[in-house]
Amino acid sequence: MRFLKELRAGSGALAVAAMLAVTTAVPAGAITGDYVKDNEHPFVGLIVFYGPDGGFHHRCSGSLLTPTVFLTAGHCTSGVSSARVYFQQDAGVDWSPETGTDPDTGYPSACADGTLGTQCGTSHEMYNYGYTGMDAVPETKDAGLVILDQPIMLDEYARLAAPGTLDALATQRGRQDTTFTSSGYGISAASPAAGETSFRERLMAQSKLTNLTSASADGYNVQTNGNGKGLGGTCTADSGGPLFYGTAGSNTIAGITSFNHNRYCNGTNFSYRTDRQDVVDWIRATTGGEFSNIAFAPAVG
């Protein structure tokens with residue numbers, strides 16, 4: 001299994017996908033396949049995490065639910081001390097291995113002048129739902145929250161699918177036609193011959209529902225397929241990014257990009273379901289009074 005966050009390899013580069021193989025699962029990364037630039041979801045951000053020494057640790061993706069509540073994967077928030085989130089669509093496109101930074105945004109070590117509190121925010125308050133490792137698949141508890149130090153005021157934020165929204169799809173005929181949309185800043189191609197392609201910009205792609213009840217899903221995860229014309233999947237550093245229920249215009253999150261079973265990000269993808277009552281209860285308990293500002297989409301009849 002492969003986690004979809006991205007680590008720094010060595011001292012000078014934001015680099016290769018983390019090969020944190022635990023049993024057969026690996027965390028997920030960037031949008032692959034037939035992806036397009038995502039200018040539809042300004043609340044989706046590129047989040048950089050830092051270790052106890054303040055150094056770059058890894059990067060993931062995620063979504064603002066309110067001006068200060070940022071939803072990501074539990075495996076992203078585990079073992080880190082602070083974070084910085086960038087909301088520019090091209091947050092790290094001009095990152096240079098020579099300088100180690102993007103001159104336009106400051107990624108990954110600073111907010112560019114004039115962007116703190118508008119397009120960039122910091123955090124020293126992070127939580128996860130109890131994530132311990134991918135050896136717990138299917139129930140990984142792979143949900144995380146980052147509370148920003150500065151509110152980011154936007155015209156819209158992500159909303160959560162109501163508890164139980166996806167349950168009917170487990171037995172519904174024609175479920176293979178159900179569309180989901182992934183968004184994130186991860187790797188867009190990976191192969192043993194060509195290596196990895198990473199743009200560090202917000203991309204999105206549509207996929208189709210595969211299963212909610214397989215051994216790796218079992219009601220806890222959404223299994224989707226991004227193979228085929230007009231479809232795309234997730235890869236390293238897409239971890240924590242949203243799985244929207246519907247086409248590109250949707251802002252309703254039904255899952256958090258979590259893992260896949262393929263080192264080169266082929267095959268199906270798995271997102272940790274956020275429409276589970278226990279996950280919603282944890283978000284409520286963690287966010288306190290701010291929970292009332294989180295929007296929920298009406299349950300699908």
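We did not get these values from a lab; they are worked out from the coordinates using the rules stated. Predicted model only: the values in this text are computed from it and were never measured. Backbone-built Cβ (ideal geometry, glycine too); neighbour counts: all protein chains shown.
Which length gain, in nm to one decimal place, applies between Thr197 and Lys229 when the Cα-Cα distance is subtracted from 0.36 nm times their residue separation? Once the chain is fully extended between Thr197 and Lys229, it gains 9.5 nm. In a fully extended conformation the segment linking Glu139 and Ser292 would gain 52.4 nm over its present Cα-Cα distance, using 0.36 nm per residue. Model label sites at Ser96 and Asp281, defined 7 Å from Cα along the beta-carbon direction, differ in position by 5.3 nm. Report note on the peptides 251-261, 107-117, 81-91: ranked by the mean count of other C-beta atoms within 10 Å, highest first, their order is 251-261, 81-91, 107-117. Please give the residues of region 131-164, grouped as numeric ranges, whose backbone N is less than 20 Å from a label point set 7 Å along the Cα-to-Cβ vector of Ala215. Residues passing the 20 Å test: 133-141. Modelled label positions at Ala170 and Ala248, each set 7 Å beyond Cα in the direction of Cβ, lie 3.3 nm from each other. Can you bin region 52-110 into rounded, prolate or oblate? Criterion: square roots of the alpha carbon gyration tensor eigenvalues sorted a ≥ b ≥ c, rounded for a/c under 1.5, prolate for a/b above b/c, oblate for the rest. It comes out oblate by the Cα gyration axes.
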